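Below: the structure, in structure tokens.
The values are calculated or read from the model by the stated rules, or taken from the named source; none is laboratory data. The structure presented is a predicted model; accordingly, all values stated were derived computationally and were not measured. Here the Cβ positions follow ideal geometry from the backbone for every residue, glycine too, while neighbour counts run over all protein chains shown.
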Amino acid sequence: MALEKDTCRASQVTQAGNINQNLKLVTIPRPTADSLGKRDLLIQVISASVYKADYFPVELGAASRLTGSFPRTPGVEFSGRVVAVGRKVVDVGPGEVVFGRLNPVKPGSLAEYVVAPYEGIAVLPASVSPRLAGAAGTSSLAAYQSIAPYVQAGDKVFINGGSFAIQVAKALACHVTVTCSTDKIGLCQSLGADEVIDYKKVDVMNALYQEGKVFAHVVDNVVGSPSTLFHPGCRAIMLPGRKRYKVSFGGGLNGASWANSFVGNTLPSFMGGAEHKWKPLILENSHADLAQIAKWMEEGKLKTMIDSTFAFEEVPEAFNRLKKGSMTGKVVIHIQPVGGEGNGNGY
């Protein structure tokens, strides 16, 4: 693919503080093929997505300087068309449509062009819209890596929040119990949840205790609610011999959760510690994992839930929506104007 100009546009944060007040759509030098590392790809971005980690470090006040310099381009998730590849990339070529995520310490997907690592991308099947896949890179990978290594077909899994986690567990032929609010019961069931606990109406832990020691794996994407999910007593819901208790830090531990997790994780079981230790998810880019996710997308087993979409010129509005919370999916930004959906990765 020939490049026609040596600049491109990016949405950049100019300084620390409220991100909505410090975002500007600017012109920056466009990355070049000559600048690629041997396993890098130059990608023309189609769509991107934003989440809390994109604005939280910017709004830490003076401490924001510790998270990187300014100006900076937010964004980790993206979809796009490959322009050029490094000399060690042999199975992906110019013109192919890919999706994935950048290294979080080197964000920048809110730009017309990005340089992405090979491990952070996978080719999109022709039937999958890049407008949807642009919001899947982080969430789907986190769901996959927090579930796939620890389960086998038929296992019962409890998931505390997370639409991708439900779908990944079902794609792996697990029995899924999930907790959600009343208004999202239908959504969770449509994604494949076998049992739904309405935390607005019942005590979640009591409901789980009543099921007994049936769960092979637990995934917590809320963190902090219910705080007793971290309690050593949670051995009462997990199968004997299962040692993994996976936690994705999507929220924040409150005081009770910290206390319960400290007791559970540090003390031996005969002193009140948990038999099943929890472990934080350390997300790692993986081309193979993303390729599996792409295959499930093609098969209709994984769907990206979209809350709202915005044009490239509306990035501040996208962050406003993100900050309001209570979303039913991802916040998507179309870097390239929408030109229609369809097969062949049409956009």
Inset, instruction - Name the single residue, out of those in segment 134-150 being surrounded by fewer than 24 Cβ atoms within 10 Å (Cβ to Cβ) and small (Gly, Ala, Ser), that is nearest to Gly75 (Cα to Cα). - result: Ala142
Legend entry - Condition broken by Gly162, with the remaining ones in (1) on the phi < 0 side of the Ramachandran plot; (2) buried (at least 22 other Cβ atoms within 10 Å of the Cβ); (3) under 17 Å from the mean Cα position of the chain (by Cα) satisfied: (1)
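Okay, residues lined up against (1) β-branched (Val, Ile, Thr); (2) in a strand (DSSP E or B):
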| position | (1), (2) |
| --- | --- |
| Gln12 | no, yes |
| Gly17 | no, no |
| Asn20 | no, no |
| Leu25 | no, yes |
| Ile46 | yes, yes |
| Asp54 | no, no |
Legend entry - Members of segment 36-68 that are over 14 Å from Asn22 (Cα atoms) and out of contact with any strand residue (DSSP E or B) (no Cβ under 7 Å at 6 or more places or on another chain): Gly37, Lys38, Tyr51, Lys52, Ala53, Ala62, Ala63, Arg65, Leu66, Thr67, Gly68
Inset, instruction - Look through Leu290, Leu322 and report the one residue that is outside the structural domain of Glu59 (by TED's automatic domain parsing) and either in contact with a Ser or Thr (Cβ under 6 Å, 6 or more places away or on another chain) or within 22 Å of Lys106 (Cβ to Cβ) (or both). - result: Leu290
Legend entry - Matching entry among Val115, Val168, Val178 (being in contact with a helix residue (DSSP H, G or I) (Cβ under 6 Å, 6 or more places away or on another chain), touching a residue at least 24 places away in the same chain (Cβ under 8 Å) and buried (at least 19 other Cβ atoms within 10 Å of the Cβ)): Val168
Inset, instruction - For segment 62-111, enumerate the residues that are acidic (Asp, Glu) and either in contact with a Phe, Trp or Tyr (Cβ under 7 Å, 6 or more places away or on another chain) or surrounded by fewer than 19 Cβ atoms within 10 Å (Cβ to Cβ) (or both). - result: Asp91, Glu96
Legend entry - Matching residues in segment 112-145 - criterion: being of a type outside the set (D, E, K, R), in contact with a Lys or Arg (Cβ under 7 Å, 6 or more places away or on another chain) and farther than 18 Å from Asn285 by Cβ: Tyr113
Inset, instruction - Kindly indicate which of Gly186, Gly192 is in contact (Cβ under 8 Å) with a residue 12 or more places away in the chain and of a type outside the set (Val, Ile, Thr). - result: Gly192
Inset, instruction - Count, please, the residues in segment 56-71 that happen to be assigned to a loop (DSSP other than H, G, I, E, B) and in contact (Cβ under 8 Å) with a residue 40 or more places away in the chain. - result: 3
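So, restricting to helices (runs of 4 or more DSSP H) that lie completely within segment 252-341, which ones have at least 1 residues that are modelled with pLDDT of 55 or more and of a type in the set (Gly, Ala, Ser)?
Numbers: elements: 255-266, 287-298, 315-324.
Output list reads 287-298, 315-324.
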